[in-house]
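Scroll down for the structure; my scribbles are underneath it.
The values are calculated or read from the model by the stated rules, or taken from the named source; none is laboratory data. The shown structure was predicted, so the numbers you read here are calculated from the model rather than taken from an experiment. Virtual Cβ from ideal backbone geometry, glycine too; neighbours counted across all protein chains shown.
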Amino acid sequence: MTSKEDDDHNEISKEVIKNKGVYHKRKCQDCFFLLLFIAFWGGMIAIASIGVRTGAPERLVSGTDSYGNICGVNNIAEGKLRANQSRDLSDEKYVYFIYYIQLNSYRVICVNECPTETYINPSNETELICDYDQTPSMENLFPNGTCAGKIASSPFANRCLPSLLLNGTEKVVDKVYQFINNQITSDTSVKVLQDIVLSWRYLIYGALIAMGLGLVWIFLLRFFAGLITWATVLAALACLGLLTAQVYFQWKEAERTYDAIPPSQRLNMQYDNVLALKVIFIILCVISGIFALILLALFDRIRIAIRIIKESSKAIGIMPSIFFFPIFIFIILCAFILYWVYIGVYLATSGDPTYDDDGNFQGYQDSTTMRNMQIYHFFGLLWTIAFILAVNQCTIAGAISSWYWVQSKKDVPFFPVWASLWRVFRYHLGSLALGSLILAVVQFIRWILRFLEKKFKGKEAFLARFVVKCLNCLFGCFERFIKFIDKNAYIMISIYGYSFCAGAKRGFTLILSNILRVAAVNMVGSFLMFLGRVFITAATVGISLYMLQKNTDLTFYVIPAILIGFIAFAISTGFMSVYDMAIDTILLCFCEDSERNDGSPERPYYMSKSLRKFADGKGSSKCC
């Protein structure tokens, strides 16, 4: 920091002390980027209006025939197709595929009902189905006309899907069957869907169980954080040791077996196996030794991590409503994604019909303008999701920091989560818009690189693929770095009301000056959060499997159990994201507290007594 920035920070710190909490004399920051975000969303709304006006989702829902007509729609009134090909199909709402066995091809028409019987070799007109304007007769049977034998079908999603493919017809209509196979659900799939519908109560039970287990995990961390942490660390070291011992014994056994074989009968493969086991054993010894040395070097910092995890549990315990806030954010995210998909479908179906030189319909083609609108719409997805998640992070950080920066925890303001949300909306949306914009730009570049990588796949452009993969890896690392910077900037913003750049700079400086503390806390905290996800998900699935197994109405009860597992993992991620943000916030508050205060009456610590010994240098070295 410059001297002026340092003086400003000292003044703000004094104001924090004076007001018993986070800094309140704030002002709006990064207003330009908030205006930019609002203007961008003005463009999103304009694109949405154009898409709704020009799009035709009915093409996806109802399907089209070979001439571009939408089934179940009066295409003449729509006026998008040529007059000689558009039809009023208001009464023909089912898509049917006429199979031409001789050419292994098909034609798509719309019908008012699906055929109920199959005629591979039709014998009269009643067994035929024909293209538009064709009279069913044996003279019009393909190849003289466009009629063909009916195939029994069942209506599904406005499509006539074959009930059975008999007499080897699946070999004849391979291309059609591949097309259908992407749309049809087999009997097994129908049963699976039926089981999911029947088990909706168990899905709710699973969600409630996951929430209950999340609270249990928080209780365990609240009172047994030290035991769980050290047990986890020692278990990891023990697993490495056991794996090393196992490889050692396998190496010696392979060596004895090799030595017992006469030299003339020994194979190079057997020697290579002994050598490989020896190399693996040496590598594992090195890894185990490095891990043990890291544990010894970070012993005191791991103790800090345990104390910070306990402090996070205390803060969360005082404000249990903090867990409901991510649910509120999750609902907003779901609503936005549904809106985005809804508009995206309109944009994707906004094309104009195209024809070949003979006037045959070739499909719908969107314009360059519409493609650019879709790119704009996609970037809006990335920026808006990043912005919503930034609001979530900054709000949680503000609530936790308002708990930390008071001498007496009884002075914590009422409803700290919603008070923090008000500060975010009142002063910091511009800063969050800037942070989320930077992240969205990096993510957008990665998506472009993924597209290029897929485009070069299977071609001779080896060098181009290699360069694209390297760039994608580089930007992947950069994306994680930006997320790290964003999170710490949001914490500083929530405490002191900084602009994004000032908050990012202060947060990064604070981390660099406390790098070992941060590394230890992040390592231990991340691993415990991972264990929490595994514990909640595994326990929820196990309990759900026991309940589902007793329901005799279910055929494939494993599928609902897997779905419950996904739900449990999502809920556990919500719990752990709150905990993770709380840990990072208290860590930075602790580092800031250690740097700015000395425990004297004029500059008292805000940390708990158990953390003060680390700040005083009694529990760890001062330079960290």
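Figures for the structure shown
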| read-out | value |
| --- | --- |
| Helices (runs of 4 or more DSSP H) enclosed by region 24-85 - at least 1 residues per element that are of a type in the set (Val, Ile, Thr) and more than 23 Å from Gln374 (Cα to Cα) | 75-78 |
| Counted residues, region 316-371 - those being closer than 30 Å to Phe223 by Cα and assigned to a helix (DSSP H, G or I) | 14 |
| Single residue of Leu277, Leu295 found to be touching a Leu at 6+ places or on another chain (Cβ under 9 Å), modelled with pLDDT under 80 and in a helix (DSSP H, G or I) | Leu295 |
| Filter pass, Val468 being of a type in the set (Val, Ile, Thr), at negative phi and surrounded by 17 or more Cβ atoms within 10 Å (Cβ to Cβ) | yes |
| Residue satisfying all of: in region 345-369; acidic (Asp, Glu) and touching a strand residue (DSSP E or B) at 6+ places or on another chain (Cβ under 9 Å); surrounded by the fewest Cβ atoms within 10 Å (Cβ to Cβ) among these | Asp356 |
| Any pair with Cβ under 6 angstrom, 6 or more apart, that starts in region 131-152 at a residue that is of a type in the set (D, E, K, R) and ends at one that is surrounded by fewer than 18 Cβ atoms within 10 Å (Cβ to Cβ) and assigned to a loop (DSSP other than H, G, I, E, B) | Lys150/Tyr119 |
| Among (1) without any contact (Cβ under 8 Å) to a residue 60 or more places away in the chain; (2) touching a strand residue (DSSP E or B) at 6+ places or on another chain (Cβ under 6 Å), the one test that Tyr106 misses | (1) |
| Matching residues, region 534-552, being touching a Ser or Thr at 6+ places or on another chain (Cβ under 9 Å) and either assigned to a loop (DSSP other than H, G, I, E, B) or at pLDDT below 75 (or both) | Leu548, Asn551 |
| Residue that is farthest from Met523 (Cα to Cα) [pool: residues in region 463-495 that are among the charged types (D, E, K, R) and at pLDDT 85 or above] | Lys469 |
| Selected residue (criterion: farthest from Phe361 (Cα to Cα)) from residues of region 103-156 that are assigned to a loop (DSSP other than H, G, I, E, B) and among the charged types (D, E, K, R) | Glu117 |
| Residue that is buried (at least 20 other Cβ atoms within 10 Å of the Cβ), modelled with pLDDT of 85 or more, assigned by TED's automatic domain parsing to the domain that holds Phe575 and within 30 Å of Leu588 (Cβ to Cβ), where the choices are Ala386, Ala315 | Ala386 |
| Condition check for Asp584: under 20 Å from Ser526 (Cβ atoms), modelled with pLDDT of 80 or more and surrounded by fewer than 23 Cβ atoms within 10 Å (Cβ to Cβ) | no |
| Residue tally, condition polar (S, T, N, Q) and part of a helix (DSSP H, G or I), over region 562-610 | 6 |
| Conditions (1) exposed (fewer than 15 other Cβ atoms within 10 Å of the Cβ); (2) modelled with pLDDT of 80 or more; (3) within 28 Å of Pro320 (Cβ to Cβ): number failed by Phe223 | (2) |
| Single residue of region 243-274 satisfying the filter (among the β-branched types (Val, Ile, Thr) and part of a helix (DSSP H, G or I)) that is surrounded by the fewest Cβ atoms within 10 Å (Cβ to Cβ) | Thr257 |
| Subset of region 475-509 [surrounded by fewer than 21 Cβ atoms within 10 Å (Cβ to Cβ) and closer than 16 Å to Asp593 by Cα] | Phe508, Thr509 |
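Conditions tested, residue by residue: (1) surrounded by 15 or more Cβ atoms within 10 Å (Cβ to Cβ); (2) touching a Lys or Arg at 6+ places or on another chain (Cβ under 6 Å).
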| position | (1), (2) |
| --- | --- |
| Arg26 | yes, no |
| Leu36 | yes, no |
| Ala48 | yes, no |
| Ala56 | yes, no |
| Arg59 | yes, no |
| Thr64 | yes, no |
| Tyr67 | yes, no |
| Gly72 | yes, yes |
| Ala77 | no, no |
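Results for (1) among the charged types (D, E, K, R); (2) under 30 Å from Trp217 (Cβ atoms); (3) surrounded by fewer than 21 Cβ atoms within 10 Å (Cβ to Cβ), shown as yes or no for each residue.
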position: Arg446; (1), (2), (3): yes, no, yes
position: Phe462; (1), (2), (3): no, no, yes
position: Val524; (1), (2), (3): no, yes, no
position: Ile543; (1), (2), (3): no, yes, yes
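The rows are residues; the columns are (1) touching a Leu at 6+ places or on another chain (Cβ under 7 Å); (2) modelled with pLDDT under 85; (3) surrounded by fewer than 17 Cβ atoms within 10 Å (Cβ to Cβ).
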| position | (1), (2), (3) |
| --- | --- |
| Glu125 | no, no, yes |
| Cys130 | no, no, no |
| Asn140 | no, yes, no |
| Ser154 | yes, yes, yes |
| Ala157 | no, yes, yes |
| Lys171 | no, yes, yes |
| Lys191 | no, yes, yes |
| Val197 | no, yes, yes |
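Yes/no matrix, rows are residues, columns are (1) of a type in the set (Asp, Glu); (2) within 44 Å of the chain's Cα centre (by Cα):
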residue	(1), (2)
Asp65	yes, yes
Lys80	no, yes
Asp91	yes, yes
Phe97	no, yes
Pro115	no, yes
Pro122	no, no
Pro136	no, no
Cys147	no, no
Ala152	no, yes
